[in-house]
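J.: Sending over a structure as structure tokens; questions will come in a sec.
The values are calculated or read from the model by the stated rules, or taken from the named source; none is laboratory data. As the structure is a computational prediction, the values presented were derived from the model and not from experiment. Every residue, glycine as well, gets a Cβ built from its backbone with ideal geometry; the counts of neighbours run over all protein chains shown.
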């Protein structure tokens, strides 16, 4: 048994090294490919997804059957599920990415030194990007398409839940790459569910340049703890909606219901409601009643419980929890300052919104809340690259370095300095 375990680890190690080496070679080809060639690959990939919708849905049904048997939650089942509309959205997303200007080769700045040297700062790809994600099969198309557009090779390690779905989608991306005469190794999916593959990816320094995690807290914390490769962080989405005392009541209700319940399993879903005590008696009764009627469980502080006896007592853990389900915590706050302190302490610096008509409070919120995305009078579920006009995204970066907020094609580039001279030497 021991020998088999060692052999299995060796097999995974060799498999991942080969994938990394192929990605490195493919990146060298892609990094100098024209925008026309990259766009052809994206459009042909989109066409292939539309032609093969029945095969993709059949593969997804296999994943769904296994997920239901394993007891996956309804919210995660929703993340995993594909239908014709979601498959069409993947195809449309690739077309949208193709329509954007090439993010590679842009002159970001240029100047001339007194000695005559001409200096330019020019955008270039990051290199080979390893993307580790859970459940959502659409990430396979989004990540592959964005990496292709930005000149990066992609090594995709999707969740075991979406194993068959992701493989079917990658086949379509390979069809597009072949049509554009580009190596299929530009987009590779790890062909094993063995969790050892993740550990291997995190140690493939020299073959993989950047790791992007997209998933639950346990996954992202493991990657941040173990990775020897720089990461673009996508932490949990403990998002807040704050109803200020100046809020319009009808707007507050409409926005909150959408922010919490439109799709409960996405990272931009509101998990905590903060509301000023000054308007809690007026607004909370209807808010709680309508949330409960829509099937949302409410966990609240003493004041929220007093307003409606169906509210379950909230504890300290609730304020810091990303439920990814039809559950909402409610905290009443004395004033604006308490709301800001609560969000910055308990939040995950992902997405937070204020519903208010007081312009001073609005501007203070947008300035003082330390999150990647802050909104005024809008649902937190707009935290999405597509809604930002970026086509698709790999995730929402909650870190501070390199990229923050939606990570699209432009965010998957870095830069180099190009210096042109006429024989200058340094004195």
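J.: Within 28 Å of the chain's Cα centre (by Cα) and closer than 20 Å to residue 378 by Cα - does that describe any residue in segment 303-320? Working first, answer last.
T.: Residues of segment 303-320 that are within 28 Å of the chain's Cα centre (by Cα), as a first pass: 316-320.
Still in the running and closer than 20 Å to residue 378 by Cα: none.
No, segment 303-320 contains no residue that is within 28 Å of the chain's Cα centre (by Cα) and closer than 20 Å to residue 378 by Cα.
J.: Which of the numbered conditions does residue 311 fail, given that it passes all the others? Conditions: (1) touching a helix residue (DSSP H, G or I) at 6+ places or on another chain (Cβ under 6 Å); (2) surrounded by 20 or more Cβ atoms within 10 Å (Cβ to Cβ); (3) within 29 Å of residue 398 (Cβ to Cβ).
T.: Single failed check for residue 311: (3).
J.: Right, something else. Any idea which of (1) under 21 Å from residue 127 (Cα atoms); (2) assigned to a strand (DSSP E or B) is the one residue 392 doesn't satisfy?
T.: Just one mismatch for residue 392, condition (2).
J.: Over 17 Å from residue 379 (Cα atoms) and assigned by TED's automatic domain parsing to the domain that holds residue 365 - does that describe any residue in segment 252-268? Steps first, answer last, please.
T.: The first filter runs over segment 252-268 and keeps only residues over 17 Å from residue 379 (Cα atoms), leaving none.
No, segment 252-268 contains no residue that is over 17 Å from residue 379 (Cα atoms) and assigned by TED's automatic domain parsing to the domain that holds residue 365.
J.: Could you tell me how many of the residues in segment 391-410 are surrounded by 17 or more Cβ atoms within 10 Å (Cβ to Cβ) and free of Cβ contacts under 8 Å to residues at least 40 places away in the same chain?
T.: Here the count works out to 3.
J.: Which count do you get for residues in segment 377-390 that are modelled with pLDDT of 95 or more and either more than 18 Å from residue 349 (Cα to Cα) or loosely packed, with under 15 Cβ neighbours inside 10 Å (or both)?
T.: The qualifying residues number 1.
J.: Could you list all residues from segment 54-80 that are surrounded by fewer than 20 Cβ atoms within 10 Å (Cβ to Cβ), closer than 28 Å to residue 99 by Cα and touching a helix residue (DSSP H, G or I) at 6+ places or on another chain (Cβ under 8 Å)?
T.: 55, 57
J.: In segment 211-228, which residues are touching a strand residue (DSSP E or B) at 6+ places or on another chain (Cβ under 8 Å), modelled with pLDDT of 90 or more and surrounded by fewer than 20 Cβ atoms within 10 Å (Cβ to Cβ)?
T.: Listed by number, the list holds a single entry, 228.
J.: Still on this structure, please answer the following. What's the total number of residues in segment 110-141 that are in a loop (DSSP other than H, G, I, E, B) and either in contact (Cβ under 8 Å) with a residue 40 or more places away in the chain or within 16 Å of residue 152 (Cβ to Cβ) (or both)?
T.: At the first step, the residues of segment 110-141 found to be in a loop (DSSP other than H, G, I, E, B) are 113-117, 126-127, 134-137.
Applying the additional criterion that residues be either in contact (Cβ under 8 Å) with a residue 40 or more places away in the chain or within 16 Å of residue 152 (Cβ to Cβ) (or both) yields 115-117, 126-127, 134-137.
Total satisfying the criteria: 9.
J.: Let me ask you something else. If I filter segment 332-350 for residues that are within 30 Å of residue 129 (Cβ to Cβ), in the same structural domain as residue 296 (by TED's automatic domain parsing) and without any contact (Cβ under 8 Å) to a residue 60 or more places away in the chain, do I get at least one hit? Can you show your working first?
T.: So the first thing to find is which residues in segment 332-350 are within 30 Å of residue 129 (Cβ to Cβ), and the list is 347-350.
Those left that are additionally in the same structural domain as residue 296 (by TED's automatic domain parsing): 347-350.
From what's left, without any contact (Cβ under 8 Å) to a residue 60 or more places away in the chain: none.
Among the residues of segment 332-350, not one is within 30 Å of residue 129 (Cβ to Cβ), in the same structural domain as residue 296 (by TED's automatic domain parsing) and without any contact (Cβ under 8 Å) to a residue 60 or more places away in the chain, which makes the answer no.
J.: Filtering segment 179-199 down to residues that are assigned to a helix (DSSP H, G or I) and under 28 Å from residue 324 (Cβ atoms), which residue is nearest to the chain's Cα centre (by Cα)? Quick ask: steps written out before the conclusion?
T.: Keep residues of segment 179-199 that are assigned to a helix (DSSP H, G or I), which gives 179, 184-186, 196-199.
Still in the running and under 28 Å from residue 324 (Cβ atoms): 196-199.
Numbers: 196: 23, 197: 21, 198: 18, 199: 21 Å.
The qualifying residue nearest to the chain's Cα centre (by Cα) is 198.
J.: Can you give me the ranges of the helices (runs of 4 or more DSSP H) entirely in segment 245-316 with at least 3 residues that are more than 30 Å from residue 215 (Cα to Cα) and touching a residue at least 40 places away in the same chain (Cβ under 8 Å)? Full working, then the answer.
T.: Values: elements: 249-261, 277-293, 302-307.
Result: 277-293.
J.: For residue 426, which of the numbered conditions (1) touching a residue at least 24 places away in the same chain (Cβ under 8 Å); (2) surrounded by fewer than 15 Cβ atoms within 10 Å (Cβ to Cβ); (3) not assigned by TED's automatic domain parsing to the domain that holds residue 251 fails to hold?
T.: In the conditions (1) touching a residue at least 24 places away in the same chain (Cβ under 8 Å); (2) surrounded by fewer than 15 Cβ atoms within 10 Å (Cβ to Cβ); (3) not assigned by TED's automatic domain parsing to the domain that holds residue 251, residue 426 misses (1) alone.
J.: Further, regarding this structure: Just checking, which of 151, 176 is part of a loop (DSSP other than H, G, I, E, B) and in the same structural domain as residue 413 (by TED's automatic domain parsing)? Full working, then the answer.
T.: Working: 176 fails: part of a loop (DSSP other than H, G, I, E, B).
It is 151.
J.: Select from segment 325-356 the residues that are over 18 Å from residue 371 (Cβ atoms) and part of a loop (DSSP other than H, G, I, E, B) and write down the one among them that is modelled with the lowest pLDDT.
T.: Within segment 325-356, the subset over 18 Å from residue 371 (Cβ atoms) is 325-328, 330, 332, 334-335.
In the following step, the residues that additionally are part of a loop (DSSP other than H, G, I, E, B) were identified as 325-326, 334-335.
Numbers: 325: 92, 326: 95, 334: 97, 335: 97.
Checking each candidate, the answer is 325.
J.: Also: Yes or no: segment 7-20 includes at least one residue that is touching a strand residue (DSSP E or B) at 6+ places or on another chain (Cβ under 8 Å) and buried (at least 19 other Cβ atoms within 10 Å of the Cβ).
T.: Initially, segment 7-20 is screened for residues touching a strand residue (DSSP E or B) at 6+ places or on another chain (Cβ under 8 Å), giving 19-20.
Keeping just the survivors that are buried (at least 19 other Cβ atoms within 10 Å of the Cβ) gives 19-20.
Yes, because at least one residue in segment 7-20 is touching a strand residue (DSSP E or B) at 6+ places or on another chain (Cβ under 8 Å) and buried (at least 19 other Cβ atoms within 10 Å of the Cβ).
J.: Which condition number in (1) assigned to a helix (DSSP H, G or I); (2) under 30 Å from residue 360 (Cβ atoms) is the one that residue 224 fails?
T.: (2)
J.: Further question on the same structure: For residue 73, are the conditions met, namely being touching a residue at least 40 places away in the same chain (Cβ under 8 Å) and within 18 Å of residue 140 (Cα to Cα)?
T.: Working: touching a residue at least 40 places away in the same chain (Cβ under 8 Å): yes; within 18 Å of residue 140 (Cα to Cα): no.
Here the answer is no, as residue 73 does not meet what is asked.
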